[in-house]
1. Any idea how many residues of the stretch 65-102 are among the small types (Gly, Ala, Ser) and either assigned to a loop (DSSP other than H, G, I, E, B) or closer than 19 Å to PRO32 by Cβ (or both)?
2. With open to solvent by 30 Å² or more (accessible area, probe 1.4 Å), basic (Lys, Arg) and under 20 Å from GLU16 (Cα atoms) as the only criterion, which of LYS63, LYS82 stands out?
3. Pull up the stretch 51-60, narrow it to residues that are in contact (Cβ under 8 Å) with a residue 12 or more places away in the chain and not basic (Lys, Arg), then point me to the one that is least open to solvent (accessible area, probe 1.4 Å).
4. Failed condition for ARG14, given (1) in a loop (DSSP other than H, G, I, E, B); (2) modelled with pLDDT under 85, with all others met?
5. Any idea how many residues of the stretch 38-64 are of a type in the set (Asp, Glu) and not in a helix (DSSP H, G or I)?
6. So is ALA73 within 16 Å of the chain's Cα centre (by Cα), farther than 29 Å from ARG14 by Cα and not charged (D, E, K, R) or not?
Amino acid sequence: RLKIIDFDTSVRVRDEDPEIDGRVGSMDYMAPEIGPEDEEGHFYSPIKADRYSCGRVFEDFAKVVRGENARRAMMEFAGRLKAVNPNERPRLKDWIEESFGIKEAELERGKEGEDVQRGAFPTVELKTVKPAMPRLSFGKI
């Protein structure tokens, strides 16, 4: 299981509706609605902006994944996460349901320790590559 997160730069919101302004993160991974570095006052949903950033990460993973089907699936999902309109970016649980047929209730049961349709998620093998360090840019929130 891979987890990538930096809670020092995080914002806590109840759902995807609240909007914030400010710039935090790596330029190449920021959603377009955050706006240019020299402009202020761009309000956006941090959840929807994070979906865009996840799309960029999926693109990076797709470059090193083995198997054309896995690469194609990752790139398709990355493209959906990077939709220009933030409202068109899918929630992960919606993507899991439509791609693998696993309903939200089944995912919840899985959290409680029960099996969740073994083999429903594809196994992906990554090539070993030297990771590039992202450029970080910090701003106020």
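The values are calculated or read from the model by the stated rules, or taken from the named source; none is laboratory data. Here the structure is a predicted model, which is why all the values come from computation and not from measurement. Neighbour counts run over all protein chains shown; Cβ positions are idealised from the backbone, glycine included. Accessible surface is based on the protein model in full, side chains and every heavy atom, while ligands, DNA and RNA are left aside. Shrake-Rupley method; radii C 1.70, N 1.55, O 1.52, S 1.80 Å.
1. Count: 5.
2. LYS82
3. GLY55
4. (2) is the only condition that ARG14 fails.
5. 3
6. In short, yes.
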